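Asks: Right, I'll just put the structure down here and ask away after.
The values are calculated or read from the model by the stated rules, or taken from the named source; none is laboratory data. Keep in mind that this is a model prediction, so the values were computed, not measured. Positions of Cβ are backbone-derived with ideal geometry, glycine not excepted, and every protein chain shown enters the neighbour counts.
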Amino acid sequence: MTARTAVRVALLWGLAVALLTASPAATFAQPPPPPAPCVGGLLDDAQILVCVPPTGWNGDLVVFAHGYVAPKDGPAQIPWDQLELPDGTSIPGIVMSLGFAFATTSYSDDGLAIVEGVQDVTNLAAAFAKGPWGPPDHVYLVGASEGGLVTTLAVERSPLVFSGGVATCGPVGDFRKQVNYWGDFRVLFDFYFPGLMPGTVTSVPAVTQEQWDLGYAPAIAEALAAKPALLDKLLRVSRAPFDPAQPQTKVQTALGILWYSAFATTDAQTKLGGQPFDNSKRIYTGSGHDFLLNLLIERYHADAAALAAIDADYQTTGRLEVPLVTMHTTGDPVVPYWHEPLYSLKALIGSGLLHVNLPVVRYGHCSFKAEEALVALGLLVLRVEGRELLDAERVLTTEKARERYRSLARANGLRR
């Protein structure tokens, strides 16, 4: 830790002591955190938030690694909207109601921030241990989407820092395949719906982001809905999932993937040192006219520097020394479920029984419910500490959620 960092940590924890002594909650310029003693500050150019239950802390810490945030001018900020599950459950709130301390970081950069994220969550865990509460008994790392990959890489690389992890909806199986999945969708979209998005899969003008919400996204949605047969071909050839019971999810899937083409392409190329998409040898199938499709579709070669950067910093190994639970919706259109069997194979070879996957049969990216998140955390606690997660049912707000928790817990060996 640098002298500059040490000063910041000292100032942060001095503020923490003052706030926890003076009032039940800290005041933030950003939207407020959940109603509990929380403090914010800077750690190595990243914003951090730390919350410790005022009573009944169990001695353990949960560090949360957030998902992708579109690049923007100015310093990175904590994405407050990502501190809630889709059902409205506060992640810090439910963590603290179970007796855990909670901490999160903005990362020191937005956009493709996996390298920064791994370092920042590791620094945050170390900073907490040097604070007034002392080293926690266990540090559990939990992450979603991009944060799922951050979690997996950090747990693989720092088993002395993290007792284990829960990685949800992350590209943990093969990051290069994830890049190609998004890229394939964009070139297929341009083939079937030419001219709707400016630029190409490798060159996205700034106007695409500037006018996405009010211009391009609505226009694309209208065009897709107007030509359902072509939309079906696009989804079939790209293998992008949707919910057959909800036809509107076809358009949702397309817009969800194309958003990353619009907002992530330029940033990723800058950080990877080159263009990472490659379909030079791809054979596309399922179109009904595959020969013509493969003859006419645009072809791209990845830059060697970008592929080398991915291999060095973004690929998981499956080599674990502490437990890792991965959770994924089977109908994830943004980060497909096929990452899970790919990682399971790596982990089976490298780690034996330290990895377990919890599939959730549902459409959507990171569309988990509170009871599912509790089961995933419970599986991790059981594997690390040999005990069940205490009071898990009590923090759920409906009998339906409690009953589903009990069912999932039994199915996954959490309840006798």
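Asks: Among (1) surrounded by fewer than 19 Cβ atoms within 10 Å (Cβ to Cβ); (2) free of Cβ contacts under 8 Å to residues at least 60 places away in the same chain, where does D45 come up short?
Replies: Tallying (1) surrounded by fewer than 19 Cβ atoms within 10 Å (Cβ to Cβ); (2) free of Cβ contacts under 8 Å to residues at least 60 places away in the same chain, D45 fails exactly one: (2).
Asks: Moving on to the next point. Here is a check on your reading of the model: is P247 part of a loop (DSSP other than H, G, I, E, B) and over 22 Å from the mean Cα position of the chain (by Cα)?
Replies: On the way: part of a loop (DSSP other than H, G, I, E, B): yes; over 22 Å from the mean Cα position of the chain (by Cα): yes.
Considered against the rule, which asks whether it is part of a loop (DSSP other than H, G, I, E, B) and over 22 Å from the mean Cα position of the chain (by Cα), P247 comes out as yes.
Asks: Filter segment 99-142 down to the residues that are among the hydroxyl-bearing types (S, T, Y), crowded, with 24+ Cβ neighbours inside 10 Å and within 20 Å of Y68 (Cα to Cα) and list them by number. Walk me through it before giving the result.
Replies: The initial filter retains those residues of segment 99-142 that are among the hydroxyl-bearing types (S, T, Y), namely 104-108, 122, 140.
Pick out the ones that are also crowded, with 24+ Cβ neighbours inside 10 Å and you get 104-107, 140.
Matches in segment 99-142: T104, T105, S106, Y107.
Asks: Right, here's the next one. Would segment 295-312 turn up any residue that is of a type in the set (S, T, Y), outside the structural domain of Q82 (by TED's automatic domain parsing) and either crowded, with 18+ Cβ neighbours inside 10 Å or under 29 Å from R239 (Cβ atoms) (or both)?
Replies: So the first thing to find is which residues in segment 295-312 are of a type in the set (S, T, Y), and the list is 300.
Among the residues that remain, those that are also outside the structural domain of Q82 (by TED's automatic domain parsing) are: 300.
From what's left, either crowded, with 18+ Cβ neighbours inside 10 Å or under 29 Å from R239 (Cβ atoms) (or both): 300.
For segment 295-312, residues of a type in the set (S, T, Y), outside the structural domain of Q82 (by TED's automatic domain parsing) and either crowded, with 18+ Cβ neighbours inside 10 Å or under 29 Å from R239 (Cβ atoms) (or both): present.
Asks: Considering only segment 32-94, give the strands (runs of 3 or more DSSP E) lying wholly within it that have at least 3 residues that are more than 22 Å from L380 (Cβ to Cβ) and of a type in the set (A, V, I, L, M, F, W, C). Walk me through it before giving the result.
Replies: Values: elements: 38-43, 46-51, 60-65.
Passing ranges, in order: 38-43.
Asks: Cβ-Cβ below 8 Å, separation at least six or inter-chain, first residue in segment 88-100 and in the same structural domain as V381 (by TED's automatic domain parsing), second of a type in the set (S, T, N, Q): which pairs?
Replies: P92/T104; L98/N58; G99/N58; F100/N58
Asks: Tell me, which helices (runs of 4 or more DSSP H) lie completely within segment 325-416 with 3 or more residues that are of a type in the set (D, E)? Spell out the reasoning first.
Replies: Values: elements: 339-351, 370-385, 399-411.
Once the helices (runs of 4 or more DSSP H) in segment 325-416 are filtered for at least 3 residues that are of a type in the set (D, E), what remains is 370-385.
Asks: If you go through segment 366-400, how many residues are touching a strand residue (DSSP E or B) at 6+ places or on another chain (Cβ under 7 Å), under 30 Å from Q252 (Cβ atoms) and not aliphatic (A, V, I, L, M)?
Replies: Adding up the residues that qualify gives 4.
Asks: Hey, does segment 52-68 have a residue that's modelled with pLDDT under 95 and among the acidic types (D, E)?
Replies: no
Asks: Right, here's the next one. Among the listed residues A370, A347, which satisfies the condition of being crowded, with 22+ Cβ neighbours inside 10 Å and modelled with pLDDT under 95? Steps first, answer last, please.
Replies: Numbers: A347 fails: modelled with pLDDT under 95.
A370 is the lone residue from the list that is crowded, with 22+ Cβ neighbours inside 10 Å and modelled with pLDDT under 95.
Asks: Quick check on my filter: what residues within segment 398-416 are loosely packed, with under 12 Cβ neighbours inside 10 Å and farther than 11 Å from V375 by Cα?
Replies: Listed by number, the residues that qualify are T398, E399, K400, R416.
Asks: Just give me the residues in segment 204-228 being over 25 Å from the mean Cα position of the chain (by Cα), of a type outside the set (A, V, I, L, M) and surrounded by fewer than 19 Cβ atoms within 10 Å (Cβ to Cβ), in sequence order.
Replies: P205, Q211, G215, P218, E222, K227, P228
Asks: Select from segment 319-335 the residues that are in contact with a Lys or Arg (Cβ under 8 Å, 6 or more places away or on another chain) and either polar (S, T, N, Q) or buried (at least 22 other Cβ atoms within 10 Å of the Cβ) (or both) and list them in ascending order.
Replies: P323, V325, T329, T330
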